[in-house]
Ligand SMILES: [Zn+2]
């Protein structure tokens with residue numbers, strides 16, 4: 001089996017891993033060169049401090065350097081290359097920076113978000129969401145997320161959404177089943193119909209029986225193609241609540257109605 005490496009810290013991972021758990025950056029196939037072995041012992045080196053760059057931009061630059069065959073090594077977020085290659089590396093850093101999305105201007109008023117409690121995975125989900133929303137951002141040397149003050153409300157909302165999704169995924173555990181196409185549409189339609197029946201009559205025994213099975217299946221489905229993972233997580237959460245409510249011997253009418261209404265509402269947008 002082939003290994004993957006973190007280009008920043010040279011940790012070795014099995015193939016299935018996508019990111020370094022220490023550094024947060026995406027992994028590469030080639031074993032990285034230790035920074036002191038870049039060039040011969042007499043060759044002058046230069047360092048690029050890229051602490052403020054996103055993980056994605058550093059990973060992209062790493063890919064560009066490798067494909068151009070430029071000798072290089074990393075010491076954490078600091079890139080080491082030969083002085084002789086400086087011009088070429090300048091051009092590549094520019095390329096990677098532009099591709100990284102909107103650049104946060106030096107002179108705008110910035111606010112910082114402490115990312116200390118955030119896992120590498122959560123940070124990368126947040127960066128993806130910011131990129132999708134076209135919000136310029138960068139990281140300070142201390143690892144704080146910096147955005148323009150003007151974007152504060154939008155960023156607060158995105159952070160809420162990302163944390164909500166992560167919390168749901170953590171509480172539900174990873175889904176194991178896959179369902180796509182017509183079968184998926186059928187299931188979503190049926191669950192919504194059953195939910196509506198239970199809203200009208202929470203004592204509907206037939207609907208209850210059918211719903212328990214279908215809601216359990218729905219709660220265990222991986223995000224289907226074409227669905228946004230956050231809204232899918234919410235559907236899974238509602239389906240979990242639904243089946244838990246129905247299988248609770250002490251359930252009362254009101255909790256059943258509430259759970260069914262919540263599930264129906266969540267499904268309204270997709271069926
Ligand atoms: Zn690493």
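What to note about this one:
- Gyration tensor over the Cα atoms of the range 181-268: the corresponding equivalent ellipsoid has semi-axes (square roots of 5 times the eigenvalues, largest first) of 21, 12, 11 Å.
- Measuring r between the beta carbons of residue 14 and residue 160 and using R0 = 35 Å, the FRET efficiency lands at 0.55.
- Per-residue ellipticity at 222 nm from helix content only, as computed over the chain with -39500 (n - 2.57) for each DSSP H run of at least four residues, stands at -16000 deg cm²/dmol.
- Å³ per residue enclosed by the Cα convex hull of the range 110-172: 74 Å³
- Cα-based helix-to-principal-axis angle, 152-172 vs the chain, degrees rounded to 10: 60 degrees
- Cα centroid separation - the range 165-192 against the range 10-53, whole Å: 38 Å
- D_trans [Stokes-Einstein, Kirkwood Rh over alpha-carbon pairs] for the chain, 37 °C, 0.692 mPa s, µm² s⁻¹: 151 µm²/s
- In degrees, nearest ten, helix 253-268 long axis to first principal axis of the chain (Cα): 50 degrees
- Rounded tilt (10° steps) of 86-99 against the dominant C-alpha axis of the chain: 20 degrees
- Here each label is just a point 7 Å from Cα along the line to Cβ, and for residue 254 and residue 172 those points are 2.7 nm apart.
- Burial order of peptide ranges 256-264, 15-23, 69-77 (average beta-carbon count within 10 Å, highest first): 256-264, 69-77, 15-23
- Cα→Cβ-extended label distance, 7 Å offset, between residue 88 and residue 46, nm: 1.4 nm
- For the pair residue 104 and residue 128, label points projected 7 Å from Cα toward Cβ lie 2.1 nm apart.
Any read-out appearing in this document is the output of simple, stated calculations on the displayed coordinates, not a laboratory observation. A quick note: this is a predicted structure, and the numbers were derived from the prediction, not measured. So basically every Cβ, Gly included, is an ideal-geometry build from the backbone, and we count neighbours across all protein chains shown.
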